[in-house]
Amino acid sequence: MQLFKKKLTLAKTHDFCAVKKPKLTVVCIHGIASDSSAYTHALQYLEGTTSLKEARFVAFDLLGSGKSSKSEKLEYSYKEQLEALHNSIAKLKVRTPLVLVGHSMGTFIVTRYANTYKKSVKQLILISPPTYTEDNLKDPAFAVAIKMFEKAVSAKNSKILEEKAFINSMRKIVMNKYNYKNLAELKTPAIMVYGKLDKFIAAFNYPALLKTNPKYLSAIKTEGGHGISRDKYTKMVGILEGILHA
């Protein structure tokens, strides 16, 4: 008897549209040491915005997070997360333009997804995207920044730092030396929305990155920090309105 490998999928935690026939589908992907609940306030705000009533909003938990699969058999690599995201989007049976929203590590995943499935994504919204170059990753100051981030994570839940999902996500995704290149060579329109108080994103690299890829990359600076806070999701309204009513 032939055995078939079970397809990797993500747990869908949110799926809402105010009308029966949406004209836009927005899929939200969270960051490391988090889950889809990070978008709770953002989704409440966006879904309560009259001009976006024809948009369908969906949120998923990444592998190893929230309600999605947690297994020692998983490596929590780009390959697995992209496979699971692709299978999950396929199950949505999207018939509209597709917008992917990523936060922090989620920006790496949606960017890699857009580079892999070039024709399927209309727009990327990258909230607080880290822009570490290969040289940054080798710099001792980067190790200090990572320790600072881990300390912040540990203050909320110290057990997360010991989980395979966190350890491998840091090593295989967050610290992947090709992340900057993936942004620099992106061929899908993307808007980076970031806070001027954010200490984790290497914003000093933004000017060079925007100059390298001006056709597809643009940025909006807000007053906040790293999280998916009001200063960021309110900026999403104009972006999504522009796509809906183009």
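What follows is calculated from the coordinates using simple rules that are stated; it is not laboratory data. Keep in mind that this is a model prediction, so the values were computed, not measured. Counting neighbours? That spans all protein chains shown, and the Cβs are built from the backbone with ideal geometry, glycine included.
Tabulated data for the structure shown
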| read-out | value |
| --- | --- |
| Virtual spin-label span in nm between I146 and K211, 7 Å along Cα→Cβ | 2.9 nm |
| Positive-end extreme of charge dipole, region 1-158 - chosen from P140, A114, G102 (charges on Cβ) | A114 |
| The chain, helix-only ellipticity at 222 nm - DSSP H runs n ≥ 4, -39,500 (n - 2.57), divided by all residues, nearest 500 | -11000 deg cm²/dmol |
| Cβ charges +1 (Lys, Arg) and -1 (Asp, Glu), total dipole of the chain, debye | 740 debye |
| Between region 9-55 and region 71-139, the Cα center-to-center distance that results, in Å | 16 Å |
| Shape box of the chain [Cα atoms, principal axes, largest first, Å] | 56, 51, 33 |
| Of the DSSP H helices in the chain, those whose Cα atoms cover at least 20 Å axially and whose Kyte score averages 0.5 or more | 140-156 |
| Chymotrypsin sites (Phe, Trp or Tyr not before Pro) within region 102-172, DSSP loop, no more than 16 other Cβ atoms inside 10 Å | Y117 |
| Hz values of 3J(HN,Hα) by residue in region 16-31 - Karplus curve (6.51, -1.76, 1.60), Gly and Pro given as x | 9, 9, 6, 10, 6, 10, x, 10, 7, 10, 10, 10, 9, 10, 7, x |
| Listed residues T50, T111, T40, most fluctuating in the chain (Gaussian network, C-alpha, under 10 Å) | T50 |
| Sequence-separation-based contact order of region 11-244, relative, with Cα cut under 8 Å and 6+ spacing, percent | 22 percent |
| Listed residues P97, P130, P214, most fluctuating in the chain (Gaussian network, C-alpha, under 10 Å) | P214 |
| Extension gain from K93 to E134, taking 0.36 nm per residue of separation minus the Cα-Cα distance | 11.0 nm |
| Charge tally in the Cβ shell below 10 Å around A18, where Lys, Arg are +1 and Asp, Glu are -1, A18 excluded | +1 |
| Neighbour-limited loop hits for trypsin sites (Lys or Arg not before Pro), region 111-148 (at most 15 other Cβ within 10 Å; DSSP other than H, G, I, E, B) | K118, K119 |
| Trypsin sites (Lys or Arg not before Pro) restricted to DSSP loop in region 156-246 with at most 13 other C-beta within 10 Å | K177, K187, K196, K199, K215 |
